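The values are calculated or read from the model by the stated rules, or taken from the named source; none is laboratory data. These numbers were taken from a predicted model, which means no experiment stands behind them. Neighbour counts run over all protein chains shown; Cβ positions are idealised from the backbone, glycine included.
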Amino acid sequence: MLVRFFQEGGYGMYVVLLFGLMGVAAAAVYAARQERMRWPAWGLAAACVVAGALFMMQGRSRTDEAIAAVDPQTQEMIREAGYRESQRPLQLGLGLGVLVAVLAAAGEVKRRKS
């Protein structure tokens with residue numbers, strides 16, 4: 001199921017995953033009281049979401065280009081499937097972005113307590 005989810009999202013999933021894994025690492029280090037990782041953690045959380053949104057828009061654009069020369073009945077079917085698949089990078093980006101933000105928020109709490 002996870003492999004299919006990743007395949008539907010296309011190559012953009014690798015970019016979003018890279019930002020997400022770097023963000024998780026940066027936020028974990030920040031949560032372990034390394035002050036200098038504060039801004040990279042928050043920046044990578046935002047980068048996950050932005051990259052996911054950009055790749056979603058790219059997928060929708062490619063879907064619209066692909067259905068230009070297809071009959072109207074088939075267009076709606078292809079558009080529905082293409083738009084559903086193009087949401088995968090955003091879904092991954094939001095999930096990883098929230099995870100990074102939670103870890104970074106834990107770092108913020110520790111920073112403010114000390």
*Show the residue pairs that are 6+ apart or on different chains and have beta-carbon atoms under 9 Å apart, the first residue being within the range 61-77 and of a type in the set (S, T, N, Q), the second being not in a helix (DSSP H, G or I).*
THR74/ILE67; GLN75/ILE67; GLN75/ALA68
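Identify all residues within the range 63-80 that are surrounded by 13 or more Cβ atoms within 10 Å (Cβ to Cβ) and part of a helix (DSSP H, G or I); write none if there are none. Give the steps one after another, and end with the answer.
In the first step, residues of the range 63-80 are kept if they are surrounded by 13 or more Cβ atoms within 10 Å (Cβ to Cβ); the result is 63-64, 66-67, 70, 75, 78-79.
Those that are surrounded by 13 or more Cβ atoms within 10 Å (Cβ to Cβ) and part of a helix (DSSP H, G or I): THR63, ASP64, ALA66, GLN75, ILE78, ARG79.
Does at least one position in the range 82-89 carry a residue that is of a type in the set (Asp, Glu), in contact (Cβ under 8 Å) with a residue 12 or more places away in the chain, closer than 19 Å to PHE6 by Cβ and part of a helix (DSSP H, G or I)? Show your work before the answer.
First, pick out the residues of the range 82-89 that are of a type in the set (Asp, Glu): 85.
Checking which are in contact (Cβ under 8 Å) with a residue 12 or more places away in the chain leaves us with 85.
Within this subset, residues satisfying the condition of being closer than 19 Å to PHE6 by Cβ are 85.
Subsequent filtering for residues that are part of a helix (DSSP H, G or I) retains 85.
The answer is yes; a qualifying residue exists.
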_Can you say whether ARG38 is surrounded by 13 or more Cβ atoms within 10 Å (Cβ to Cβ), at pLDDT below 95 and either at negative phi or part of a helix (DSSP H, G or I) (or both), as far as the supplied structure shows?_
yes
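Taking ALA46, is it over 18 Å from PHE6 (Cα atoms) and either in contact with a strand residue (DSSP E or B) (Cβ under 6 Å, 6 or more places away or on another chain) or at pLDDT 95 or above (or both)?
Working: over 18 Å from PHE6 (Cα atoms): yes; either in contact with a strand residue (DSSP E or B) (Cβ under 6 Å, 6 or more places away or on another chain) or at pLDDT 95 or above (or both): yes.
Yes.
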